[in-house]
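Peer 1: Below you'll find the structure I mean.
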Amino acid sequence: MKKSAYLTLGLLAIAGSAAAAEAAAAAPAAAAAVSGVTPKAIAALALSISGFGAAIGMGLAIAKAMEGISRQPEAANAIRGTLLVALAFIEALTIYALLAYFTI
């Protein structure tokens with residue numbers, strides 16, 4: 001992977017960790033004492049993991065699509081259409097995790 005991809009993944013991991021730490025610090029002491037982990041912290045962790053996974057998945061999908069287009073340029077339109085649908089499904093996971101984070 002390129003350096004920019006590693007930088008993006010690192011920043012996503014740091015942002016997710018910071019959000020988890022902020023959510024854990026803002027939780028009421030009683031709720032933290034009972035369960036040890038707040039729902040907001042779990043949602044922040046899920047958000048960071050889904051962002052990390054989505055970045056890797058999108059990068060791999062785009063790389064394979066570009067490889068396929070370079071091998072068969074006449075199939076570029078079919079590959080591009082399939083790629084866009086796949087990227088939408090990958091992105092949906094991250095959006096669901098973001099919605100879970102904001103609703104908790």
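Peer 1: If packing is taken as the average number of other Cβ atoms within 10 Å across a peptide's residues, how do 87-96, 69-78, 53-62, 37-46 rank, most packed first?
Peer 2: Ranked by mean Cβ neighbours within 10 Å, highest first: 37-46, 53-62, 87-96, 69-78.
Peer 1: Determine the sum of side-chain charges near residue 68: Lys and Arg each +1, Asp and Glu each -1, restricted to other residues whose C-beta is under 14 angstrom from that of residue 68.
Peer 2: Around residue 68, the charge tally is +1.
Peer 1: Using label points projected 7 Å from each Cα along Cα→Cβ, tell me how many nm separate residue 42 and residue 80, to one decimal.
Peer 2: 4.4
Peer 1: Now a separate question. Taking 0.36 nm per residue of sequence separation and subtracting the Cα-Cα distance, how much length would be gained by fully extending the chain between residue 66 and residue 49, in nm to one decimal?
Peer 2: 3.5 nm
Values in this text are rule-based calculations from the coordinates and carry no lab data. No experiment lies behind these values; they were computed from the predicted model shown. Don't worry about glycine lacking a Cβ; one is built from the backbone with ideal geometry, like all the others, and counts go over all protein chains shown.
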